[in-house]
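Here's the structure, in structure tokens; my notes come after.
The values are calculated or read from the model by the stated rules, or taken from the named source; none is laboratory data. This one's a predicted model, so the numbers in the text were calculated from it and none came from an experiment. A quick note on method: Cβ atoms are made from the backbone with ideal geometry, for glycine too, and the neighbour counts reach across all protein chains shown.
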Amino acid sequence: MSWQKVGVPILAMAIFLVLWELLVWANGWPNYKMASPSDLWPAFWKFKHLFVSMGWDTLWRTVVGLLLAVVVGVGLGMVMGFSRVMRDALYPLLVGFNAIPKATVVPIVALMFVGAHDFNTVLIAFMISFFPIAVSVSIGLSTLEPEYRDILRSLGASRVTIFWKIALPKTLPEFFGALKVAVTLAFIGTNLMEIVSPHGRGLGALFDSGKTNSDYPLMFAVLIALAFLGIVLYYVVVALEKVFAGWAERSPT
Amino acid sequence: MSEPLIEIKGVKHAYQTQAGPLPVLDGLDLSVPEGGFAAVVGPSGCGKSTLTRLVAGLMKPDQGEVWLHGQLVKGPKATVGMAFQNPVLLEWRSILKNVMLPLEIVPTKLSKRQQEDRARKLLALVGLEGFEDKRPSELSGGMRQRASLCRSLVHQPEVLILDEPFGALDAFTREDLWQTMHRLKAEEPFTGVLITHDLRESIFLADEVVVLSGRPAHTQYVMDVHLKGPRDLEHLYTPESAEALNILRHQIQIAQGRAPVEEAAQ
Ligand SMILES: Nc1ncnc2c1ncn2[C@@H]1O[C@H](COP(=O)(O)OP(=O)(O)OP(=O)(O)O)[C@@H](O)[C@H]1O
Ligand SMILES: [Mg+2]
């Protein structure tokens with residue numbers, strides 16, 4: 001990790017905040033139109049305990065939803081990747097399911113499982129994020145060059161061995177590509193549930209209470225907190241990718 | 001009296017395609033004695049790769065039989081080693097670990113230490129000493145193909161099947177690898193089938209060249225190569241070689257249906 005890798009993003013962030021502050025100041029916008037960075041810090045400080053506990057709620061439900069999406073997505077992807085028939089059967093269903101705007105699903109889920117807030121939130125995070133994982137794994141597996149299979153199969157290796165030794169590792173770069181999309185989606189899903197069907201938990205609920213109390217700096221502070229969590233989650237995935245699929249990265253020459 | 005190690009008798013095979021069955025092999029015979037090395041040449045798309053898949057037990061022929069070492073081939077066997085035009089090395093493994101891959105599948109009596117020693121010895125033999133810990137992406141095409149050859153031999157297969165392994169290499173690298181093949185064969189005796197498009201390659205490497213007809217393919221012509229054992233590249237420029245190449249080229253033209261009528265009628 002070089003100075004450049006850490007320094008440049010931080011510098012970019014600082015420049016962004018300064019420009020934002022200047023924009024608000026130059027236009028003389030009031031708080032309810034656009035809060036400025038200097039208003040945010042007091043808002044954070046005032047509600048710091050809430051930010052920590054609500055942030056944690058949002059975080060763990062997103063992560064659980066995402067893990068569920070990984071398990072189900074990889075499972076579906078394997079089924080579709082290895083069987084042509086299953087691919088033909090499941091693809092239209094999945095595409096249709098994915099096309100339904102999740103905002104419309106939220107009230108339905110909230111009605112179906114009344115009171116099970118954690119479960120509902122995790123469910124939405126899962127539903128919104130498993131699709132890219134399933135698709136990428138199925139494509140990765142079904143486009144495996146036959147020679148790769150044949151070098152092991154000609155030695156009498158079982159399908160399971162071929163999957164573990166070749167198909168799975170070879171699909172990892174695609175999988176992590178999809179996971180980067182999925183982690184952002186899961187995060188959106190969690191907040192969708194928290195905002196559309198508020199139940200007093202998570203950053204989405206904090207946003208909602210800011211709205212009710214016309215506390216505009218709080219609302220903006222929540223947005224920043226969300227962005228921060230989103231960045232953290234994304235880079236956790238990037239770090240995992242480095243560990244498990246770092247070999248796919250070509251040195252820039 | 002030693003029986004042939006590889007024996008293919010009257011093999012017929014058709015692929016089921018959307019446009020109906022596509023006959024690919026029709027009455028193919030081939031036999032290779034123990035320690036022999038046969039080259040198979042034929043027009044593009046005539047069924048050479050199909051033949052390798054049958055010998056490797058990856059597919060069953062519709063008709064006819066494939067025998068290896070006196071046993072009827074019914075499925076994949078650990079006594080076969082394969083290499084293709086595409087070296088298919090696993091990018092996430094070092095070269096050494098790539099070469100050792102078959103030993104993870106095939107039952108072996110070697111200890112981990114011995115397995116590694118064997119892989120290192122093979123790599124040294126093909127001139128890849130010092131590259132054991134590199135990733136495949138750090139090697140040139142010719143070097144990758146060398147590693148792929150090591151992998152196909154590491155479990156000491158009785159039968160080596162090579163499907164155009166040098167087809168994608170430039171002429172100089174290819175000639176280097178031909179000599180590497182002779183070195184390998186001297187150190188690690190194997191019985192092999194080499195599919196190739198290159199007639200010079202076929203007479204330089206093999207003891208016997210088999211010409212397949214166009215699709216559906218049968219054995220059209222078999223030539224004994226009189227040179228035995230390791231050869232020098234100069235051997236390719238002798239009058240005998242020129243004559244052998246001429247005959248083979250003519251046979252390929254017949255297989256392609258391009259030979260002048262009066263000649264083909266002979
Ligand atoms: N799995 C398959 N399904 C249907 N047809 C196939 C299949 N594999 C090969 N074929 C067809 O069978 C014929 C022979 O294929 P094969 O790959 O054995 O030829 P080849 O002699 O190796 O060709 P080349 O010299 O180009 O490598 C080709 O016409 C090909 O299109
Ligand atoms: Mg072929």
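Quick test of your reading of the structure: B:E188 fulfils all but one of (1) of a type outside the set (G, A, S); (2) closer than 27 Å to B:Q256 by Cβ; (3) modelled with pLDDT under 90. Name the failing condition by number.
Evaluating B:E188 over (1) of a type outside the set (G, A, S); (2) closer than 27 Å to B:Q256 by Cβ; (3) modelled with pLDDT under 90 leaves (2) as the failure.
Among the residues of segment A:149-164, write down those that are at the interface with chain B (Cβ under 7 Å from one of its Cβ atoms) and surrounded by fewer than 19 Cβ atoms within 10 Å (Cβ to Cβ). If you could, list the steps in order and put the result at the bottom.
If we filter segment A:149-164 for residues that are at the interface with chain B (Cβ under 7 Å from one of its Cβ atoms), which is where we start, we get A:150-157, A:161.
Matches in segment A:149-164: A:G156, A:T161.
For segment B:38-55, enumerate the residues that are touching a residue at least 60 places away in the same chain (Cβ under 8 Å) and within 13 Å of ligand 2 (Cβ to nearest atom). Before the answer, list the steps.
Taking segment B:38-55 as the starting set, the residues that turn out to be touching a residue at least 60 places away in the same chain (Cβ under 8 Å) are B:38-49, B:51-52, B:55.
B:V40, B:V41, B:G42, B:P43, B:S44, B:G45, B:C46, B:G47, B:K48, B:S49, B:L51, B:T52, listed by residue number.
Take B:V24 and tell me if it is within 16 Å of ligand 2 (Cβ to nearest atom) and touching a Ser or Thr at 6+ places or on another chain (Cβ under 6 Å). Spell out the reasoning first.
Details: within 16 Å of ligand 2 (Cβ to nearest atom): yes; touching a Ser or Thr at 6+ places or on another chain (Cβ under 6 Å): yes.
Answer is yes for this residue.
Would you please name the residue that is nearest to ligand 2 (Cβ to nearest atom), looking only at residues in segment B:181-200 that are more than 14 Å from the chain's Cα centre (by Cα) and not in a loop (DSSP other than H, G, I, E, B)?
So, considering only residues that are more than 14 Å from the chain's Cα centre (by Cα) and not in a loop (DSSP other than H, G, I, E, B), the one nearest to ligand 2 (Cβ to nearest atom) is B:R200.
Taking A:P169 as the residue in question, decide whether it is within 14 Å of another protein chain (Cβ to nearest Cβ) and either on the phi < 0 side of the Ramachandran plot or not aromatic (F, W, Y) (or both). If you could, list the steps in order and put the result at the bottom.
Numbers: within 14 Å of another protein chain (Cβ to nearest Cβ): yes; either on the phi < 0 side of the Ramachandran plot or not aromatic (F, W, Y) (or both): yes.
Taking the combined requirement at face value, the residue satisfies it.
Mind checking which pairs have a first residue in segment A:1-27 that is within 13 Å of A:S38 (Cα to Cα) and a second that is assigned to a helix (DSSP H, G or I) and among the small types (G, A, S), Cβ under 7 Å, 6 or more apart or different chains?
Hits for this filter: A:E21/A:S38.
Which of (1) crowded, with 19+ Cβ neighbours inside 10 Å; (2) away from chain B (no Cβ under 14 Å) does A:A239 not meet, given it meets every other one?
Among (1) crowded, with 19+ Cβ neighbours inside 10 Å; (2) away from chain B (no Cβ under 14 Å), the lone unmet condition for A:A239 is (1).
Can you find, within segment B:167-180, the residue that is farthest from B:S44 (Cα to Cα) among those that are free of Cβ contacts under 8 Å to residues at least 40 places away in the same chain and part of a loop (DSSP other than H, G, I, E, B)?
Only one residue fits best here, namely B:D170.
Taking only segment B:129-164 into account, find how many residues are without any contact (Cβ under 8 Å) to a residue 40 or more places away in the chain and buried (at least 23 other Cβ atoms within 10 Å of the Cβ).
Here the count works out to 1.
Quick check on A:V135: is it within 24 Å of A:K242 (Cα to Cα) and either in a helix (DSSP H, G or I) or at pLDDT 90 or above (or both)? Walk me through it before giving the result.
Numbers: within 24 Å of A:K242 (Cα to Cα): yes; either in a helix (DSSP H, G or I) or at pLDDT 90 or above (or both): yes.
Here the answer is yes, as A:V135 does meet what is asked.
Considering only segment B:41-159, give the helices (runs of 4 or more DSSP H) lying wholly within it that have at least 2 residues that are away from chain A (no Cβ under 14 Å), away from ligand 1 (no atom under 16 Å from the Cβ) and under 19 Å from B:M181 (Cα atoms).
On the way: elements: B:48-55, B:95-105, B:112-125, B:141-153.
The helices (runs of 4 or more DSSP H) meeting that bar are B:112-125, B:141-153.
Can you tell which of B:V210, B:V222 is outside any loop (DSSP other than H, G, I, E, B), at negative phi, more than 14 Å from chain A (Cβ to nearest Cβ) and within 16 Å of ligand 1 (Cβ to nearest atom)?
It is B:V210.
Among (1) farther than 30 Å from A:S142 by Cβ; (2) in contact (Cβ under 8 Å) with a residue 24 or more places away in the chain; (3) of a type in the set (F, W, Y), which single condition is A:F97 missing?
(1)
Residue by residue, here is whether (1) over 15 Å from the mean Cα position of the chain (by Cα); (2) over 18 Å from B:G167 (Cβ atoms); (3) of a type in the set (S, T, N, Q) holds:
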residue	(1), (2), (3)
B:G64	yes, yes, no
B:F84	no, no, no
B:V88	yes, no, no
B:V99	yes, yes, no
B:I105	yes, yes, no
B:K109	yes, yes, no
B:R118	yes, yes, no
B:L123	yes, yes, no
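Can you tell me which condition B:G27 does not meet? The list is (1) at pLDDT 90 or above; (2) surrounded by fewer than 19 Cβ atoms within 10 Å (Cβ to Cβ); (3) touching a Lys or Arg at 6+ places or on another chain (Cβ under 7 Å); (4) of a type outside the set (V, I, T), and all the others hold.
The one condition B:G27 does not meet is (1).
Exactly one condition in (1) more than 19 Å from B:E65 (Cβ to Cβ); (2) more than 16 Å from ligand 2 (Cβ to nearest atom); (3) of a type outside the set (G, A, S) is not met by B:E7; state its number.
(1)
Count, please, the residues in segment B:5-16 that happen to be more than 13 Å from ligand 1 (Cβ to nearest atom) and aliphatic (A, V, I, L, M).
Residues meeting the conditions: 3.
Conditions (1) under 18 Å from A:G156 (Cα atoms); (2) modelled with pLDDT under 90; (3) basic (K, R), marked per residue:
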position	(1), (2), (3)
B:H69	yes, yes, no
B:P76	yes, yes, no
B:E91	no, no, no
B:M100	yes, no, no
B:Q114	no, no, no
B:G127	no, no, no
B:E132	no, no, no
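Restricting attention to segment A:130-143, does a residue exist that is of a type in the set (F, W, Y) and either in contact with a strand residue (DSSP E or B) (Cβ under 7 Å, 6 or more places away or on another chain) or buried (at least 19 other Cβ atoms within 10 Å of the Cβ) (or both)?
Applying the first criterion (of a type in the set (F, W, Y)) to segment A:130-143 yields A:130-131.
Still in the running and either in contact with a strand residue (DSSP E or B) (Cβ under 7 Å, 6 or more places away or on another chain) or buried (at least 19 other Cβ atoms within 10 Å of the Cβ) (or both): A:130-131.
So far as segment A:130-143 goes, yes, one or more of its residues are of a type in the set (F, W, Y) and either in contact with a strand residue (DSSP E or B) (Cβ under 7 Å, 6 or more places away or on another chain) or buried (at least 19 other Cβ atoms within 10 Å of the Cβ) (or both).
Going through segment B:58-91 one residue at a time, which ones are small (G, A, S) and surrounded by 19 or more Cβ atoms within 10 Å (Cβ to Cβ)? So that I can check it myself, show each step before the final result.
From segment B:58-91, those small (G, A, S) are B:64, B:70, B:75, B:78, B:81, B:83; that's our starting set.
Of everything in segment B:58-91, those that are small (G, A, S) and surrounded by 19 or more Cβ atoms within 10 Å (Cβ to Cβ) turn out to be B:G81, B:A83.
Out of segment B:17-40, which residues are more than 14 Å from every other protein chain (Cβ to nearest Cβ), within 14 Å of ligand 1 (Cβ to nearest atom) and either touching a Gly at 6+ places or on another chain (Cβ under 7 Å) or not hydrophobic (A, V, I, L, M, F, W, C) (or both)?
B:T17, B:G20, B:P21, B:P23, B:V24, B:L25, B:D26
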